[in-house]
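The structure follows.
The values are calculated or read from the model by the stated rules, or taken from the named source; none is laboratory data. These figures come from a predicted structure and were not determined experimentally. Note that we place each Cβ from the backbone using ideal geometry, even for glycine, and neighbour counts take in every protein chain shown. Note: accessible area is taken over every heavy atom of the protein model, side chains too, but ligands, DNA and RNA are not part of it. Shrake-Rupley method; radii C 1.70, N 1.55, O 1.52, S 1.80 Å.
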Amino acid sequence: MEQKNIVATIYIKDGMAVKSPSDMNKPKDVLEIAQMYNDSGIDKIICFDLSKDDEEHEKNILAIREINRSIEVKTCGGGNIKRLEDVKKLLYAGCIEVVLNGSKASTLNLIKEAAARFGQEKILVSIDNIDILFKAGQSLVENVHELLVMNPEITASIENTTAIPYILRQDTEDVEAISKLLVSDQIRGIYGAFINDPSSDIMSLKATLSDAGIKMDNFEAALSWSDLKTNSDGLIPVVVQDYKTEDVLMLAYMNEESFNNTIRVGKMTYWSRSRNELWVKGMTSGHFQYVKSLVADCDYDTLLAKVSQVGGIACHTGAHSCFFNEIIKKEYTERNPKKVFDDVYAIIKDRQEHPKGGSYTNYLFDKGIDKILKKLGEEATEIVIAAKNPNPEEVIYEASDFLYHLMVLMVEKNVTWEEVTRELSQR
């Protein structure tokens with residue numbers, strides 16, 4: 001049996017996330033919704049563009065691009081696709097697949113054209129009846145990777161008509177019904193209203209489906225609790241770290257039950273020594289910690305958890321990290337590359353917002369974009385010249401000058417290092 005997918009949908013209207021095409025009240029930040037799905041165990045996100053004109057279409061594609069820069073989960077783009085250029089824009093925005101509307105007569109030609117240009121593995125087709133299967137069944141087999149079935153009542157007809165795998169709409173969390181559906185080799189996953197609901201516990205659903213023999217993408221522990229060495233209270237300390245920034249957030253303890261629950265539901269679960277009870281971090285505050293990795297140390301008596309911290313708040317005081325009471329500190333030169341880039345960028349940004357007389361950075365900002373670009377070009381040339389010389393120190397010096405001027409440009413254009421590294425991570 002192939003691994004089955006739990007698929008969420010984000011409906012995008014005017015660059016914001018709405019509940020559905022028929023309910024566009026109370027729009028929300030698309031990145032916030034995407035990050036929630038990214039952390040909660042969703043396997044794929046379908047981003048539907050609900051735009052009515054070209055201007056909004058471009059705005060929604062930009063929102064999809066930002067989603068793909070912000071999360072690790074693979075995405076599929078769809079909605080308002082009229083021509084091959086629209087397919088290209090969604091793929092270039094970071095979607096690994098596009099979904100074309102099978103109810104449109106013009107879709108058949110576009111399917112063939114898109115599959116020939118970008119590959120069959122990137123093409124999905126949405127259907128709510130089986131008419132297209134009768135009209136162009138063989139063509140779909142040759143050009144389509146999956147179907148997105150919007151009407152659950154045609155499931156039997158699909159399986160009697162075509163061997164194309166499909167993702168099925170399932171709006172209610174009926175675990176027994178879902179288990180029976182996913183037994184089919186042709187069904188690759190489900191999507192639907194309950195999956196989009198923020199209150200749905202996707203990791204628990206996947207764990208339950210795994211228990212029923214359905215192959216899911218969830219955590220499988222390489223070590224069991226019995227492999228670890230506990231303290232005299234039967235507990236093991238856990239150092240918790242932000243998976244993106246690597247900031248140390250907190251220290252807590254696990255017993256066997258909290259360890260197993262953490263792996264099962266994908267949310268950090270601890271044993272509260274003061275309350276003598278199981279404690280799912282964030283259950284009260286909403287500041288959940290979604291597990292990205294869990295590693296034991298060399299002696300198997302301490303765990304390191306890398307997590308996605310909801311809200312950026314790990315401490316009960318409201319602080320980002322529990323570690324803020326300074327005892328001693330010795331001045332040192334920061335060598336961490338990312339920290340150096342962030343610190344220099346912050347200084348340049350501060351100069352822009354709070355100009356200082358005699359500042360070269362402010363001189364560049366005052367002269368404007370043409371001056372900044374001229375200096376950047378000059379520094380790039382200096383690197384080329386330095387690289388022709390035998391002494392690598394000259395390259396280091398000139399590269400530093402270039403990076404400084406690049407950061408001035410980035411601040412001027414409101415581009416951050418986080419955005420640049422997101423883009424690089426997709427290359």
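When you scan the range 353-362, do you find a residue that is of a type outside the set (Asp, Glu) and over 30 Å from His405 (Cα atoms), even just one? Please lay out each step first, then the result.
Going residue by residue through the range 353-362, those that are of a type outside the set (Asp, Glu) are 354-362.
Add one more test, that the residue is over 30 Å from His405 (Cα atoms), and what stays is none.
For the range 353-362, residues of a type outside the set (Asp, Glu) and over 30 Å from His405 (Cα atoms): absent.
Being in a helix (DSSP H, G or I) and hydroxyl-bearing (Ser, Thr, Tyr) is the filter here; which residues of the range 344-387 pass it? Can you show your working first?
Narrowing the range 344-387 to residues in a helix (DSSP H, G or I): 344-353, 360-367, 369-387.
Tyr345, Tyr360, Thr361, Tyr363, Thr381, listed by residue number.
Would you point out which residue out of Val30, Val73 is touching a Gly at 6+ places or on another chain (Cβ under 8 Å) and either more than 23 Å from Asp197 (Cα to Cα) or aliphatic (A, V, I, L, M) (or both)?
Just one listed residue meets the conditions, Val30.
Which strands (runs of 3 or more DSSP E) sit wholly inside the range 220-282 and have at least 1 residues that are of a type in the set (A, V, I, L, M, F, W, C), open to solvent by 20 Å² or more (accessible area, probe 1.4 Å) and touching a residue at least 40 places away in the same chain (Cβ under 8 Å)? Let's see the steps before the verdict.
Values: elements: 236-242, 248-254, 269-272, 277-280.
Qualifying strands (runs of 3 or more DSSP E): 236-242, 248-254.
Restricting attention to the range 286-302, and to residues there that are surrounded by 10 or more Cβ atoms within 10 Å (Cβ to Cβ) and over 25 Å from the mean Cα position of the chain (by Cα), which single residue is nearest to Asp201 (Cα to Cα)?
Kept after step one, since they are surrounded by 10 or more Cβ atoms within 10 Å (Cβ to Cβ), are these residues of the range 286-302: 287-297, 300-302.
Next cut, over 25 Å from the mean Cα position of the chain (by Cα) only: 296-297, 300-302.
On the way: Ala296: 26, Asp297: 30, Tyr300: 30, Asp301: 30, Thr302: 28 Å.
Residue satisfying both the conditions and the ranking: Ala296.
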